[in-house]
1. Anything in the range 618-640 that is open to solvent by 10 Å² or more (accessible area, probe 1.4 Å) and either in contact with an Asp or Glu (Cβ under 9 Å, 6 or more places away or on another chain) or β-branched (Val, Ile, Thr) (or both)? List them, or say none.
2. Restricting attention to the range 220-273, and to residues there that are assigned to a helix (DSSP H, G or I) and in contact with a strand residue (DSSP E or B) (Cβ under 9 Å, 6 or more places away or on another chain), which single residue is nearest to THR194 (Cα to Cα)?
3. If you go through the range 117-162, how many residues are part of a strand (DSSP E or B) and closer than 26 Å to LEU75 by Cα?
4. Could you please find all residues in the range 649-673 being under 19 Å from GLY287 (Cβ atoms), open to solvent by 10 Å² or more (accessible area, probe 1.4 Å) and over 12 Å from the mean Cα position of the chain (by Cα)?
5. Go through the range 288-313 and report how many residues are among the charged types (D, E, K, R) and under 19 Å from PRO134 (Cα atoms).
6. Please state which of the following conditions GLY108 fails to meet, knowing it meets all the rest: (1) within 20 Å of the chain's Cα centre (by Cα); (2) closer than 22 Å to ASP650 by Cβ; (3) not charged (D, E, K, R).
7. When the range 217-252 is examined, which residues are found to be among the charged types (D, E, K, R), modelled with pLDDT of 90 or more and closer than 22 Å to ARG542 by Cα?
8. Filter the range 253-272 down to the residues that are out of contact with any helix residue (DSSP H, G or I) (no Cβ under 9 Å at 6 or more places or on another chain) and open to solvent by less than 50 Å² (accessible area, probe 1.4 Å), then identify the one that is modelled with the highest pLDDT.
Amino acid sequence: MESKRKFTRREFLKISAITAAGALAACNPPVPTASPEAPTAAPEVPATATPPPVAAGPTYQEPPMLADLVEQGKLPPVVERLPENPWVAPVLEANGKSGGVVRRGFTGPGDKWGMSKICDRALVWFDKDLVMQPRMCESWEVNDDGSEWTFHLRKGTKWSDGVEHTSADVKWWYEHEATNETLFPGLTEGRWFTGTGETKKMMEVITPDDYTFTFKYAQPKPLLIYTMGRQGVAAPAHYMKQWIPDTADDPDKLAADVTAAGFESWDKYYIDNRRFWFWNPDLPHFGGWIATNDLNAEKWVIERNPYFFGVDSDGMQLPYLDGIQSRLFSDSQVFNLWLTNGEIDFQARRVQVGDYTLLKENEEAGDYKVVVCPAARHMVVVLNQASKNEQLRSFFVNRDVRIALSLAINRKGINELNYLGLGTPRQYSPLTMSPQYYEKLSNAYIEYNPRKANEMLDAAGYTAKDADGFRKYSDAEDAETIFFVMEGQFGAGTPDEDAGQQIVKMFKAVGVKCEYKFVETTLYNQHYTSNDMDAAWWYADRTVVPLGAEALIFRGIASDRPFVDAYNKFFDDPGNPIAIEPPKDHYIRKIRDLWEQVLVTGNPDTQNDLFRQILDIWAEELPMIGVVGELPALTVVKNGLKNFGPSPNDDTTGDEYVLNPETLFWENPAEHMG
């Protein structure tokens, strides 16, 4: 028997580990000093998954930016651009005014996710209490064991080029993209299959009519809904078919386009140039804004999507903002100057906690406010236990080495010196505000004890030292000195860069030679993708709703924190160029086994028990070395920007703004035209 419903808040608390105090109440500027306790119960939510429609036809309001285009006959009127039952976006403060732009900063093509997280909200999304609600879909249904999920689209929803979106786009995406082994060797996207190895089986996609589709799995998939927020499950078939040889009307033209763009094969061209709107401004999509230029530009600009499927309760088509502009910077000091001068309107990304005092002192002069929220972010040392360098791999795989290096770090000193005492010395783990908070992991091996660190490194067999006092791989005469580079994206003079340099000194103090190296985002991405990274000084998040984020980092699946990436590549596709088989007794095997059990149980208590076992492994093995966590997220918000409410800052919930960016508006739009 199927149930037509949305997940209740009670279920979300159990499954996703978020406080029932409410996301928007979780911040208490200037700095949160205590976290609300996790609830034991929560009120049920009404069973419907369908929001009420707004009044039809003439009551819909045209955004002023588009009025002239409609009058000139270059754009259909708003009633023809909207679906029959538009999504009615909830607002935090009030229905707003249409117009104006927001200014942001970014560091180049590798920093695409800042803008992406503002635009990429798909079938469902969180409400202010972090309960999943219908968004692009009108409703959904799930059977009792979570193996069949049926979604109902809003009739008349259109792609950004005006072509209607139907279930045929889902079917095309499934047949030509999601299951295309040329595009995705080994079909490793876990959302679309159940089982592993011989039991692995792709889902079926059933499209009974133009506005309904069902994902049918061989085994239960109870957590699927939490992966449907940012990731689309459709492709604009009318546009994308030209980029696949089997569906292109002119394969010869496709081959010529691939060559002209500098790609070796059509699949590389498809993935790295055609498939995402931030690489391909011509790609039709559903976001509130569409790109007007390439993100390689000095100023990357997105402007309102005239076919966006949402309205406010007065019938005004969203988004309120006409556009968002991201300005390129390479020097964090330049970015700070923009912030303090009031040249950035809304941003948390790249704003550093260590600059809190600077930003607060300039609030009045810059005409902004600094909003402080709890954040999922932890600063971590990532040791690549699947390194190409066999000697270094053997060193990092040794559990006692990881524990020793953890004990060598003076977390209290780093927190005070680099983060103004605003963080908490801890390992990477679920936040204190979460019902899945686990003190055993948070506090594992966080004491500063360089004497014990030295003893453990000696006991691990690394007693031989070179002429400078640094440990060698063995006592053989020709043995090499242990050395590794921690890469990071924190530039010189930043608090995070200085913290990395402090850790280098602390490791050297126990005889382990290393260095911190700043690398630009694109190069950082290249290094972890090719497994050419020894280690990283980076951050780790997704601790607000760990299971909602598929526990990506806890499972070692987040490749940009590459502590076991090449091992996971081996499990997914042994033929992958960077795949390395892990040792038979490596902890990642047990983590994968436990996660497979999480995926097939629909019982939230069992899911949490299994996840707790994964956290136990982390507490014992220290896959990554956490330094400081629960650092507040600083969001700079220009005075006059409305409908922003502070919330826990995490990748899973869209970073700066867990609610709907389409509802942000200027009190006086004419004063903010870019």
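1. Answer for the range 618-640, where residues must be open to solvent by 10 Å² or more (accessible area, probe 1.4 Å) and either in contact with an Asp or Glu (Cβ under 9 Å, 6 or more places away or on another chain) or β-branched (Val, Ile, Thr) (or both): ALA633, LYS638, ASN639, GLY640.
2. So the residue we want is LEU224.
3. Here the count works out to 4.
4. Scanning the range 649-673 gives LEU659, PHE665.
5. Counting residues in the range 288-313 that are among the charged types (D, E, K, R) and under 19 Å from PRO134 (Cα atoms) gives 1.
6. If we test GLY108 against (1) within 20 Å of the chain's Cα centre (by Cα); (2) closer than 22 Å to ASP650 by Cβ; (3) not charged (D, E, K, R), just (2) comes out false.
7. LYS221 - this is the single residue of the range 217-252 that is among the charged types (D, E, K, R), modelled with pLDDT of 90 or more and closer than 22 Å to ARG542 by Cα.
8. Top of the filtered list is ASP267.
The values are calculated or read from the model by the stated rules, or taken from the named source; none is laboratory data. All values derive from a computational prediction rather than experimental measurement. Positions of Cβ are generated from backbone atoms using ideal geometry, with glycine treated the same way; all protein chains shown enter the neighbour counts. Quick note on the areas: whole protein, heavy atoms, side chains included, nothing else; ligands and nucleic acids left out. Shrake-Rupley method; radii C 1.70, N 1.55, O 1.52, S 1.80 Å.
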